[in-house]
Amino acid sequence: ILEVEALRYLRYNNHQKSKDKTKVCNKTDKNNILIIGEFRLDPTLDMLHAIRQTKIDFNKVSISFKPHPACKINQALIRMPEVLITNEPIDTIVRNFDLVIVAGNSSATLDIYYSYVDIIVYLGRHDLNLCPLEAISDCFFVRTSTDFNIALAAINENDKRVYNKKDFFWTEKNLPRW
């Protein structure tokens with residue numbers, strides 16, 4: 001086995017390592033939230049249901065939903081008319097959001113983690129935690145709407161966050177291991 005740089009994650013080397021709670025791209029007073037679904041329909045719908053049960057003031061946030069390419073979901077299944085559906089690549093849109101909520105079985109968790117955006121990972125009520133970020137203190141793991149509310153309160157309390165990212169991969173741009 002040869003250990004080499006992870007080409008997929010090289011693009012995250014230049015992202016800022018701290019994030020003010022000032023808006024990244026939003027020109028309104030609303031916070032931008034991105035919800036990312038997984039490849040299975042039922043866990044994605046469970047996550048959306050748990051989000052609908054939270055104390056989020058949907059008038060004060062702008063929410064976008066990115067379905068997994070293998071699990072297309074229409075607006076009627078989301079059951080939140082204010083949610084916009086996007087199919088843009090995660091790495092091109094993630095920095096437009098203040099918070100990302102992602103299903104735990106998605107490899108997108110690492111993309112979000114390396115983008116220095118607040119992240120909540122939804123594990124589901126009965127799913128095994130297979131998320132590679134399980135031991136990371138910068139991430140919040142939730143199973144219920146109550147857990148969501150606790151995580152949201154913790155994120156809102158911290159106006160400035162300095163991220164201490166764990167290195168999962170080698171990401172040297174000059175690729176010395178190749």
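Quick rundown of the values:
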| item | result |
| --- | --- |
| Crossing angle, helix 41-52 versus the chain [Cα axis fit, 0-90 degrees, rounded to tens] | 60 |
| Cα-based equivalent ellipsoid of the chain: semi-axis lengths in Å, sorted from largest, via gyration tensor | 26, 19, 16 |
| Rg/Rh ratio calculated on Cα atoms of the range 76-178 (Kirkwood radius) | 0.99 |
| Ratio Rg/Rh [Cα only; Rh per Kirkwood] for the range 77-132 | 0.98 |
| Long-range amide H partners of SER62 with built H, under 5 Å | ASN31, ASN32, ILE33 |
| Degrees separating the helix 145-157 axis from the principal Cα axis of the chain, which is the longest one | 60 |
| Alpha-carbon Rg/Rh ratio, for the range 39-89, with Rh computed the Kirkwood way | 0.95 |
| The chain - charge dipole about Cα centre, Lys and Arg +1 at Cβ, Asp and Glu -1, debye rounded to 20 | 340 |
| Accessible surface of the chain, 1.4 Å probe, proportion on carbon and sulfur as whole % | 52 |
| Helix-derived mean residue ellipticity, 222 nm - over the chain, DSSP H n ≥ 4, -39500 (n - 2.57), to 500 | -6000 deg cm²/dmol |
| 1.4 Å probe accessible area per residue over the chain, in Å² | 55 |
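The values are calculated or read from the model by the stated rules, or taken from the named source; none is laboratory data. Because the structure is a prediction, the values reported are computed rather than measured. Here the Cβ is made from the backbone with ideal geometry for all residues, glycine too, and neighbour counts use every protein chain on show. The area values use the complete protein model at the heavy-atom level, side chains included, leaving out ligands, DNA and RNA. Shrake-Rupley method; radii C 1.70, N 1.55, O 1.52, S 1.80 Å.
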